[in-house]
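Report on one structure; see the data block that follows.
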Amino acid sequence: MTHQRCHYGARQGRSLTVAVRTRKPRPLPDGRGSERQSAILDILDAIRRRARQGQVRNPRFTEPSRLDRSFTLLEVLLVIGLLTVLAAMVMPNLLGQILGERLPRSAKQLRSLVQLTRANAMLDGKRYRLRFPRQDELDNEGTDVQPIVECEEEPFRAPGIYVAVTAAWAQGETLLEGVWCVKVRLAKPTTEQLLRNFEDVRADLNEDEQEADPFYQEFIDDFEKDYPPLVFEPDGTSEWATFVVSEAPRGTDSKALADYKRIEVIYDGLTGLAWLQRPFYEEELNMLVEHNWPPVLRKDFLRAEPLTENEVIEIQESLVRK
């Protein structure tokens, strides 16, 4: 048994000595043992020469250099270019989806605020009311868009005097940027009232009905007709209310509101339930009138496709089963 030592030339001036253990060849009758030994030595000499020239590396004993661990400027620019192209393709769809969620999200937050106001009225045993700012009045966000929650703190000493609620649940941005409440209607929705929208007539109470309605007459002098406050009694009951929210620009004419997306937050003042519905199409209202069906589906309905008779029947049957 013989030992051959081979020096591997590593980079950065390092060297590695490897002992190669070879078996001493047995002499063969034909004299080929010496030839085999000389062939092995030639191979080892070739390995040593290539190691000195840096052509042979042993990954187990050599460390990667700094150049092996870094990226070239071309590779970095290529990655940045690919990311830019991907962002240009994805961002429009992403922004469109985010903007498209503003209206339904605002409607959901308004519904939650209405139900929280009712719950706190029952918890405190006091009257609460939810309203929108009057002209030249600002809300807690410094705008004239967000709903305001108030409480009748002293119903016996100072009846009718409401103080703004400063609790965390009553603060913050309920309606997102670009969304505002177009109108508040204090009445249970009927198909006749909704059909008046298509005749360019006020859908809520008219002048004579407002004067005859004592609940409405109590607030008509203090608030705008399109924004009456919703008052919650200590037992949690209140009037039915419909809050119409839209993405239309502020000041849009009532006739032009039909060109923009709207969602109606319909609140049942007796049960405290609330639903989100898009405005019905005229043919849908005619179908409801024909079958004497109420315009409140009692479930969220925001789909753009027209409502069919079978769907209304299925909704009515599901409500009966409940």
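Where helices (runs of 4 or more DSSP H) fall wholly inside segment 1-114, the ranges with 3 or more residues that are modelled with pLDDT of 75 or more and over 30 Å from Ala304 (Cα atoms) are 33-52, 73-100.
Apart from one condition, Trp240 fits all of (1) aromatic (Phe, Trp, Tyr); (2) open to solvent by 80 Å² or more (accessible area, probe 1.4 Å); (3) more than 23 Å from the chain's Cα centre (by Cα); the exception is (2).
Using the structure shown, decide if Ser238 is farther than 15 Å from Pro189 by Cα and not charged (D, E, K, R). No; evaluated as a whole, the condition is false for this residue. Screening segment 305-317 for residues that are of a type in the set (D, E, K, R) and in a helix (DSSP H, G or I) and picking the one that is nearest to Leu195 (Cα to Cα) gives Glu309. Residues that are in contact with an Asp or Glu (Cβ under 8 Å, 6 or more places away or on another chain), touching a residue at least 40 places away in the same chain (Cβ under 8 Å) and of a type in the set (A, V, I, L, M, F, W, C) occur in segment 232-242; there is at least one.
Here is a yes/no grid of residues against (1) open to solvent by 20 Å² or more (accessible area, probe 1.4 Å); (2) outside any loop (DSSP other than H, G, I, E, B); (3) modelled with pLDDT under 90; (4) small (Gly, Ala, Ser):
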residue	(1), (2), (3), (4)
Val244	no, yes, no, no
Leu270	yes, no, no, no
Glu284	no, yes, no, no
Lys299	yes, no, no, no
Arg303	yes, no, no, no
Leu319	yes, yes, yes, no
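Taking the criterion of being hydroxyl-bearing (Ser, Thr, Tyr) and at pLDDT 85 or above, the residues of segment 191-242 that qualify are Tyr227, Thr237, Ser238, Thr242.
Among the residues of segment 125-157, those that are exposed (fewer than 14 other Cβ atoms within 10 Å of the Cβ) and either touching a residue at least 60 places away in the same chain (Cβ under 8 Å) or among the hydrophobic types (A, V, I, L, M, F, W, C) (or both) comprise Gly125, Arg134, Gln135, Leu138, Phe156.
Check segment 252-262 and report whether any residue there is over 24 Å from Tyr227 (Cα atoms), exposed (fewer than 13 other Cβ atoms within 10 Å of the Cβ) and in contact (Cβ under 8 Å) with a residue 24 or more places away in the chain. No, there is no match, as no residue in segment 252-262 is over 24 Å from Tyr227 (Cα atoms), exposed (fewer than 13 other Cβ atoms within 10 Å of the Cβ) and in contact (Cβ under 8 Å) with a residue 24 or more places away in the chain.
The values are calculated or read from the model by the stated rules, or taken from the named source; none is laboratory data. This is a predicted model, so every value here is computed, not measured. Here the Cβ is made from the backbone with ideal geometry for all residues, glycine too, and neighbour counts use every protein chain on show. The accessibility values were calculated without ligands, DNA or RNA, using every heavy atom of the protein model including side chains. Shrake-Rupley method; radii C 1.70, N 1.55, O 1.52, S 1.80 Å.
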